Every structure is written in C-alpha cells, then in structure tokens.
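Below is one structure, written out as structure tokens; comments come after it.
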Amino acid sequence: MDMNAARHPPRASGNRGDFDIAVVGAGQAGLAIGYFLARQGRRFVILEAGESIGEAWRTRWNSLVLFTSRRYSGLPGLPFPGDPERYATRDEVLAYLKRYAAAFELPVRLATRVRRLSQVDGGFGLELDDGRGRADQVVVATGPFQVPRIPPFAGQLAPDVFRVHSTGYMEPSDVPAGTVVVVGGGNTGFQIAKELSATRPVYLAVGSPMTPLPQRFLGRDLFWWLTKTGLIKKTVESRIGQRLQQREDTLIGSSARQIRRLGVELKPRLTGASGRLVSFADGSTLEVDAVIWATGYRSDYSWIDAPVFDSDGRVEHRRGVTDVPGLYFLGMPWQYTRGSALIGWVKDDAEFIAEQIEASAKRRPPEREPPEHETLGVS
C-alpha cells in the first residue's frame with residue numbers, strides 16, 4: 001500500500017473529511033488507537049504533521065536501540081518481527097510502524113498539521129494548513145516528544161561552539177572534533193555519550209542520578225520481570241504506582257561505572273555557560289567545543305482551545321479521558337501505568353479510550369450534515 005495515497009482515507013463517507021473521530025499524530029499511540037477504531041468500523045482519520053509515519057522516531061539518532069526487546073515492542077494485532085529476545089534499532093521501528101499502518105489500512109494523512117483545535121456545536125473544529133474541518137471526537141496522540149527543552153543559558157555559548165538538542169543529533173560525524181559535553185543523565189544522554197566516547201573526549205553532566213537497572217537479569221529481559229511481577233501495570237491510582245511515578249526515571253542498560261570504563265568523565269548538573277566555558281554545580285568549569293542537550297522535552301498544547309489544563313498547563317484527565325466530552329489524550333508518560341508511553345503497552349490505554357469513544361458515540365443524537373466549510377481538508 002502506498003502510504004502517500006493514505007492521505008485520502010478510505011473510511012470517509014459523505015463530505016470528504018466528515019469523520020466520527022480525528023486522531024492527531026501517527027506515531028505508536030495514534031496507530032494503536034487507529035487499530036481499535038478500525039475494528040469498530042468508525043469513520044476516522046489520523047492526522048500527522050510530519051512527512052512520514054512515526055516522525056518522532058525519525059528525529060532520533062541513527063544508532064538508537066530500544067531498551068524493550070522485540071517481544072515487548074509490538075502494537076496490537078501485529079508482533080514486532082525478528083528474534084523476540086533481541087532489541088530493535090530505530091530504523092527497524094520506523095519500518096515496523098509503516099508496515100503496521102499498511103497492514104491495517106489505517107487512514108493516515110501525512111504533512112497535515114493541526115494548527116488549532118476548538119470546540120464547536122456538538123464536536124470539534126480543526127484548523128489545518130490547507131483548510132478547516134470537523135470531527136465529533138478527537139484523540140490527541142502527539143506523545144511525550146514534542147518541544148525540545150533547552151536551558152536559557154544555552155544562548156550564552158560562543159557562536160563557534162557546536163550545540164544541538166538530541167533531536168538534531170544523528171551520528172558522531174555530525175559533531176566537530178574536540179571536547180564534548182553531553183547534558184542529561186537519562187537513557188538518551190548515556191547512549192549518546194557512549195557513542196561519542198569512541199572518537200573524542202566526552203563529559204556527561206548528570207543533574208539528578210537515576211536508578212540504574214540492568215537490561216537483562218538472570219537471562220531474562222527486564223520487562224519480562226516487570227510483566228511477571230505486575231509492576232509494569234501498576235496504575236497511578238495504586239500506592240506503589242504513585243511512589244514509582246514520584247521517583248526519577250530509571251536508567252536501563254547503563255550505569256555510571258560502565259560509562260566511566262569507556263573513558264567518559266561524569267560531571268554534576270550543568271548550571272551556566274559563557275563563551276566556550278561551561279560551569280557545573282560543583283563550581284568547576286570546562287572549555288568545550290560542542291554541547292549535546294539530552295535534556296528532554298516539554299509539552300506544547302498551545303494549539304488546543306479547550307478547558308482541559310490546570311494552572312501549570314498539564315492535562316487534567318483520568319486515563320486520557322478529559323472533562324470535555326469527546327476529547328481524549330493518549331501516549332502520555334504515566335497516563336495510567338508505567339507502560340503508557342511505551343510502544344509495547346500503549347495498546348492498553350488505546351483500547352480503553354476506544355471503548356469510551358464507542359460508548360460516547362452510542363449516546364450521540366443522529367448525525368447532521370456538516371456545512372461545507374467544516375470538512376477536513378477542504379479550503
């Protein structure tokens with residue numbers, strides 16, 4: 001199936017763009033909910049701002065390897081191919097997501113950014129790059145990787161110091177020779193520091209040390225143990241789930257001892273920059289040639305005009321269901337369990353939301369014919 005042709009979804013009927021549901025985002029969350037909506041026979045569309053399915057994965061570095069084995073990296077209805085005990089690469093994930101969309105003929109429209117989402121009579125209006133549209137219900141499946149988070153003092157670095165967020169880092173050849181500081185002590189920071197350490201001096205600035213966990217234990221994948229013990233499905237409503245949510249995230253398959261053996265020097269939190277010098281929380285400084293910001297992301301829901309956010313801009317919901325009827329979120333970290341934002345477990349929340357959508361649709365009055373200006377994809 002030609003996925004470019006999927007910009008014109010086969011499930012539309014009546015006016016083009018008159019849909020029961022619009023899903024925003026064609027990553028793992030958007031495709032997972034698409035699977036369940038297709039099984040319900042819904043008229044829906046998956047709107048993707050990027051030029052390809054799984055665009056967020058395409059912006060990750062070339063050598064990225066999942067920390068979940070293939071056994072725990074599949075979406076509903078289609079296991080991840082290959083040895084279930086081995087770990088997939090970024091390119092294999094991209095190929096799998098494209099194959100997944102084709103296998104279930106999911107109606108994906110690429111290069112279709114939703115500029116504005118607002119409530120209209122009995123549903124939602126969507127402003128797109130090429131027109132306006134309407135949907136009865138909307139699932140925001142944009143995931144946790146939205147806007148790169150970079151500290152304000154980054155602008156104080158000298159112009160000749162190479163700097164890039166991890167989304168812009170692809171491989172070591174992108175980075176000029178010389179001393180590099182990788183900022184961020186999560187899985188991304190450790191993986192990039194390891195890769196760069198083979199060819200240049202690397203420092204890794206770690207703010208809050210994370211709990212290191214082995215990728216395999218007693219011959220079994222870490223997520224086998226988390227599944228067998230039930231920890232992966234502990235909810236935010238449980239006491240243990242609340243405790244786990246409050247802790248710093250875990251570091252999987254890496255440790256301070258391991259990275260030191262590769263020649264990487266650990267530093268405390270990066271606190272400032274001036275010219276070619278960066279400073280750390282212990283008062284030390286370092287002259288650098290390059291800085292890689294592995295500092296994570298922040299959410300950007302500025303395009304959503306609906307009363308579903310608290311005073312800090314966080315989504316108010318219960319397992320992705322908001323107080324605005326028909327508006328749902330999917331794929332957020334700890335949306336309901338530790339696995340909510342992981343490729344192998346997003347299906348649980350997706351199935352739950354699909355059930356809520358079906359129940360809501362049954363309560364709706366008979367459909368009306370939408371005005372022409374409200375059809376998706378029509379200028």
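The values are calculated or read from the model by the stated rules, or taken from the named source; none is laboratory data. These figures come from a predicted structure and were not determined experimentally. Cβ sites come from the backbone with ideal geometry, for glycine too, and all protein chains shown count toward neighbours.
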Query - Flag if Ala198 is small (Gly, Ala, Ser), outside any loop (DSSP other than H, G, I, E, B) and over 21 Å from Gln335 (Cβ atoms) - result: no
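Could you go through region 212-230 and let me know if any residue there is assigned to a loop (DSSP other than H, G, I, E, B) and among the hydroxyl-bearing types (Ser, Thr, Tyr).
The initial filter retains those residues of region 212-230 that are assigned to a loop (DSSP other than H, G, I, E, B), namely 214-215, 218-219, 230.
Pick out the ones that are also among the hydroxyl-bearing types (Ser, Thr, Tyr) and you get none.
No - not one qualifying residue is present in region 212-230.
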**Report entry** Number of the condition not met by Thr337 [criteria: (1) without any contact (Cβ under 8 Å) to a residue 60 or more places away in the chain; (2) in the same structural domain as Phe19 (by TED's automatic domain parsing); (3) polar (S, T, N, Q)]
**Finding:** (1)
Query raised in the report: For region 123-148, how many residues meet the condition of being in a strand (DSSP E or B) and touching a Pro at 6+ places or on another chain (Cβ under 6 Å)?
Result: 1
Report summary line: Checking Gln242, Gln258 in turn, the sole residue that is assigned to a helix (DSSP H, G or I), under 15 Å from Val202 (Cα atoms) and either under 24 Å from the mean Cα position of the chain (by Cα) or assigned by TED's automatic domain parsing to the domain that holds Lys194 (or both) turns out to be Gln258
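Assess whether Ala95 counts as being surrounded by fewer than 19 Cβ atoms within 10 Å (Cβ to Cβ) and either over 20 Å from the mean Cα position of the chain (by Cα) or without any contact (Cβ under 8 Å) to a residue 40 or more places away in the chain (or both).
Numbers: surrounded by fewer than 19 Cβ atoms within 10 Å (Cβ to Cβ): yes; either over 20 Å from the mean Cα position of the chain (by Cα) or without any contact (Cβ under 8 Å) to a residue 40 or more places away in the chain (or both): yes.
In short, yes.
So, in region 70-89, how many residues would count as being acidic (Asp, Glu) and in contact (Cβ under 8 Å) with a residue 40 or more places away in the chain?
Residues of region 70-89 that are acidic (Asp, Glu), as a first pass: 83, 85.
Those left that are additionally in contact (Cβ under 8 Å) with a residue 40 or more places away in the chain: 85.
Adding up the residues that qualify gives 1.
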Report task. Among the numbered conditions (1) out of contact with any Pro (no Cβ under 9 Å at 6 or more places or on another chain); (2) more than 30 Å from Pro172 (Cα to Cα); (3) surrounded by fewer than 17 Cβ atoms within 10 Å (Cβ to Cβ); (4) among the charged types (D, E, K, R), tell me where Glu351 comes up short. Result -> (1)
Report task. Find all pairs meeting these conditions: Cβ atoms under 8 angstrom apart; at least six residues apart or on different chains; first residue within region 141-160 and closer than 19 Å to Leu117 by Cα; second residue of a type in the set (Phe, Trp, Tyr). Result -> Ala141/Phe329; Pro144/Tyr297; Gln146/Tyr297; Val147/Tyr297
Requested in this report: Could you tell me whether region 215-229 includes any residue that is at pLDDT below 85 and surrounded by 13 or more Cβ atoms within 10 Å (Cβ to Cβ)?
Outcome: yes
Query raised in the report: In region 70-92, is there at least one residue being surrounded by 18 or more Cβ atoms within 10 Å (Cβ to Cβ), assigned by TED's automatic domain parsing to the domain that holds Trp303, farther than 23 Å from Thr227 by Cβ and not small (Gly, Ala, Ser)?
Result: yes
Query raised in the report: Does region 21-69 hold any residues that are surrounded by fewer than 24 Cβ atoms within 10 Å (Cβ to Cβ), among the acidic types (Asp, Glu) and touching a residue at least 60 places away in the same chain (Cβ under 8 Å), and which are they?
Result: Glu51
Query - Unmet requirement for Gly178, which otherwise passes all of (1) part of a strand (DSSP E or B); (2) on the phi > 0 side of the Ramachandran plot - result: (1)
Report summary line: Cβ pairs under 8 Å, 6+ apart or interchain, first in region 167-191 and among the aromatic types (Phe, Trp, Tyr), second in a helix (DSSP H, G or I), ordered by first then second residue, are Tyr169/Ile192; Phe190/Ile259
Report summary line: Scanning region 282-307 for residues that are free of Cβ contacts under 8 Å to residues at least 12 places away in the same chain and on the phi > 0 side of the Ramachandran plot gives Gly283
